[in-house]
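Single-structure report; data block below.
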Amino acid sequence: MPILNRRSFIKAAGVLGASAALPVNLARAADKPVTVGFIYVGAKDDFGYNQAHAEAAAIIKGLPNVTVIEEENVPETVAVQRSMEAMIRQDGAQLIFPTSFGYFDPHVIKVARKYPEVRFAHCGGLWQKGVHPDNAGSFFGYIDEGQYLNGVVAGHMSKSKKLGFVAAKPIPQVLRNLNAFTLGARSVDPEITTTVIFTGDWSLPVKEAEAANSLIDQGCDVLTCHVDGPKVLVETAEKRGVMTCGYHASQAALAPKGYLTGAEWNWETPYRAHVMALQSGAPMNNFMRGGLKEGFVKTSPYGPAVSDAAKAAADAVKASMLKCEFSIFTGPIRNNAGEVMVAEGTVLTQTDVVLERMDYLVEGVRGQI
Amino acid sequence: MAEIDYSVLLLALLAGAIRVGTPFLFVSLGECLTEKGGRINLGLEGILVVGAMSGYAVAYLTDSAWLGVLAAGCAGGALGAFHGVICSLPRVNDIAFGIALILLGTGLAFFFGKAFIQPQAPSLPSIELGAWSDDARVRSALSVNVLFFIGVALTLLMHWGLRATRWGLVLRLVGDHAQSARALGYRPALVRTLATAGGGFLAGVGGAYLSLYYPGSWNEGLSSGQGLMAVALVIFARWQPLNCLWAALLFGASGAVGPALQAVGISSGYYLFAAMPYALTLLVMYLSCRPNQTLSGAPGELSLNR
């Protein structure tokens, strides 16, 4: 047994004294070391969806007593089950963030049943009480608020009154963003139209470049997108001297001239909440949703091209969103075939599940599902 | 629905055929060269990805896009030579090894390419053929990359070289009948290895076009099967370099047609348009490979035919 020397005695006494001075629960929280795993579907520096997650994971890495392990390029197949099991058995992960939509059913559910003592916080899924295990849960952000603000800025900046949107697949999350963007732009000028191009998959760089070029040829002068990596779109638009609004993460570095603003995820908020709950032993919050106000999403700083009028208009909308006084989907809203989708006088709040089942394009969108 | 502007659509298809078709051209010329020697290299998909990554990396590190193209070609040539040497060993199946090479190539490129996803490399210059026009759309459609012209020149060179030079004749002999070539004192294994290395070089350059010009950045989803489609395209082109050029342009246009149609407002059935290149491949396969019809023009030593 080593002899207790004076130096280590002083150190130990100091630590004891310091923790005694702290409030009890905080000291306990900081004392409990935890291992947290992050799984990404693509590369974590893709200027897009995965980068948004990885940036937040880097902040979590800096928290005291938190060990972060990461794995990227994990497909939405049984491979993610193996990744999760490896994180649990080899690294002793107590909390796992499987960040891609397709991981949830059946993979996360299956592994969560097998390891009831581990927590699984999935991004994007619809966790339901009673149906899914209690040690799993889902969180997601209302990024359509950011896309609405993108639309307001784009509406002010567009000269041709034609906007372009490159979308991957016509699923509700994508349509909600596209519709919010269009509604935002048309709140500035109801003449504005948005042309949408569906590429068919989340990452098809050649198709995305081709789509961007086609939209620009059609006279669209502000582009945005909902694909996994907006890098190609933003670079192509910048080369051709057209403005862009970003998505997922900030692409301002790729387009110093034409980048207006962007809708970004701020996953730090839900991540931090889950890690704190784990460290303090609090039960898991299985269903988390939030928008600008809750800090789940944020907007990129305005680019140099944005006019003062556009800034003022967008800031005003943002301020009322932060005060919960604003609802994007306020009736009457028609689809682009003229049918009423949201009746006059109906106000859909963000938590309304009708919005998570969106299957139409609003008036002003040129395209078909 | 607004009226449809057909001139814009045609312009987009023409521009798309050249922009999207150039990598197809390089890869299919490379595969044509390889198959003329009697080997199939399915690994060109992997080589394309390695070329894209190494081209981007070298262009970024040296700040010269042309050095990047050269590096991409050399990396592709090295992998091609690897395929050629391994397949010269007895009882090695070139198709199986090609598939292994796809996995090896993409794995290597993803591993070494990690550090190059973020930075921006210089891009290749293009020639402004549309400078006479006031219309920005025409100017952008006619801004054609130098590599496309190099590809066209190579097509003509190969077309001439394969029928009029001794080297071309030796290559074709080796590909059609290895025993005769051996009897004449040539070494089929060496010729094939060189042809595969040359094919790899061209496929690597095709990859550099993807990462250095269009779409113009390195990321892991860059290729999305273009290398494999180019292999099918060689069969479509009946092993003729000139046909490779037309086929590459056709495949390029079919890749561009989906976005172009949606942009002008024809948006119904876009999944069908997105599937067009693949449907085209199937159709070509059906037309050229019915049981009562042999593949005319196929080199006799291809493992498809033996």
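The values are calculated or read from the model by the stated rules, or taken from the named source; none is laboratory data. Everything numeric in this text was worked out from a predicted model, so none of it was measured. FYI the Cβ positions are ideal-geometry reconstructions off the backbone, even for glycines, and counts take in every protein chain you see. All accessible areas refer to the heavy atoms of the entire protein, side chains included, with ligands and DNA or RNA removed. Shrake-Rupley method; radii C 1.70, N 1.55, O 1.52, S 1.80 Å.
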> Pairs, please: C-beta under 8 Å, at least 6 apart or cross-chain, first residue touching a residue at least 60 places away in the same chain (Cβ under 8 Å) and facing chain A (nearest Cβ under 9 Å) and in the stretch B:7-24, second β-branched (Val, Ile, Thr) and open to solvent by 10 Å² or more (accessible area, probe 1.4 Å)?
Replying inline: B:Leu11/B:Val138; B:Gly16/B:Val257; B:Val20/A:Val206
> Being within 14 Å of another protein chain (Cβ to nearest Cβ) and part of a helix (DSSP H, G or I), is that true of even one residue in the stretch B:77-95?
Replying inline: no
> Can B:Ser123 be described as among the polar types (S, T, N, Q) and in a loop (DSSP other than H, G, I, E, B)?
Replying inline: yes
>> Condition first: assigned to a helix (DSSP H, G or I), within 11 Å of chain A (Cβ to nearest Cβ) and of a type outside the set (Ser, Thr, Tyr). Can you find one or more residues in the stretch B:228-241 that meet it?
In response: no
> Looking at the stretch B:1-39, which of its residues are among the charged types (D, E, K, R) and open to solvent by less than 10 Å² (accessible area, probe 1.4 Å)?
Replying inline: B:Glu31, B:Glu35
> What are the residues in the stretch A:194-207 that are facing chain B (nearest Cβ under 9 Å), open to solvent by less than 40 Å² (accessible area, probe 1.4 Å) and among the polar types (S, T, N, Q), if any?
Replying inline: A:Thr195, A:Thr199
> What do you reckon, is B:Gly168 more than 14 Å from every other protein chain (Cβ to nearest Cβ) and part of a loop (DSSP other than H, G, I, E, B)?
Replying inline: no
>> Checking B:Tyr60 against (1) open to solvent by less than 10 Å² (accessible area, probe 1.4 Å); (2) over 16 Å from the mean Cα position of the chain (by Cα); (3) under 30 Å from A:Leu215 (Cα atoms), only one condition comes out false. Which one?
In response: (1)
>> For the list (1) modelled with pLDDT of 80 or more; (2) surrounded by fewer than 23 Cβ atoms within 10 Å (Cβ to Cβ); (3) more than 15 Å from the chain's Cα centre (by Cα); (4) within 14 Å of another protein chain (Cβ to nearest Cβ), I need the number of the one condition that B:Ala260 fails.
In response: (2)
> Which one of these is aromatic (Phe, Trp, Tyr) and either open to solvent by less than 20 Å² (accessible area, probe 1.4 Å) or in a strand (DSSP E or B) (or both): A:Tyr247, A:Tyr302?
Replying inline: A:Tyr247
>> Condition first: within 16 Å of A:Lys159 (Cα to Cα), more than 10 Å from chain B (Cβ to nearest Cβ) and part of a loop (DSSP other than H, G, I, E, B). Now tell me which residues in the stretch A:219-241 satisfy that.
In response: A:Asp221
> If you check A:Ala282 against the conditions, is it under 21 Å from A:His122 (Cβ atoms), among the hydrophobic types (A, V, I, L, M, F, W, C) and open to solvent by less than 30 Å² (accessible area, probe 1.4 Å)?
Replying inline: no
> within 7 Å of another protein chain (Cβ to nearest Cβ) and under 24 Å from B:Gln120 (Cα atoms), is that true of A:Glu210?
Replying inline: yes
> Is it the case that some residue within the stretch B:197-212 is open to solvent by 10 Å² or more (accessible area, probe 1.4 Å) and among the hydroxyl-bearing types (Ser, Thr, Tyr)?
Replying inline: no
> Can you name every residue in the stretch A:39-73 that is crowded, with 17+ Cβ neighbours inside 10 Å, closer than 24 Å to A:Gly262 by Cβ and aliphatic (A, V, I, L, M)?
Replying inline: A:Val41, A:Ala43, A:Ala52, A:Ala54, A:Ala56, A:Ala57, A:Ile60
>> When the residues of the stretch B:263-276 are narrowed to those that are free of Cβ contacts under 8 Å to residues at least 40 places away in the same chain and either in contact with a Gly (Cβ under 6 Å, 6 or more places away or on another chain) or open to solvent by less than 40 Å² (accessible area, probe 1.4 Å) (or both), which ends up nearest to A:Val206 (Cα to Cα)?
In response: B:Ala274
> Residues B:Leu42, B:Leu67: which one is surrounded by fewer than 24 Cβ atoms within 10 Å (Cβ to Cβ) and outside any helix (DSSP H, G or I)?
Replying inline: B:Leu42
>> Tell me whether the stretch A:273-286 contains one or more residues that are touching a residue at least 60 places away in the same chain (Cβ under 8 Å) and in contact with a His (Cβ under 6 Å, 6 or more places away or on another chain).
In response: no
> When A:Leu254 is evaluated against the numbered criteria (1) at pLDDT below 95; (2) more than 18 Å from A:Asp201 (Cα to Cα); (3) surrounded by 24 or more Cβ atoms within 10 Å (Cβ to Cβ), which criterion, by number, is the only one it fails?
Replying inline: (3)
> Hey, among B:Leu249, B:Leu245, which residue is open to solvent by less than 20 Å² (accessible area, probe 1.4 Å) and more than 9 Å from chain A (Cβ to nearest Cβ)?
Replying inline: B:Leu245
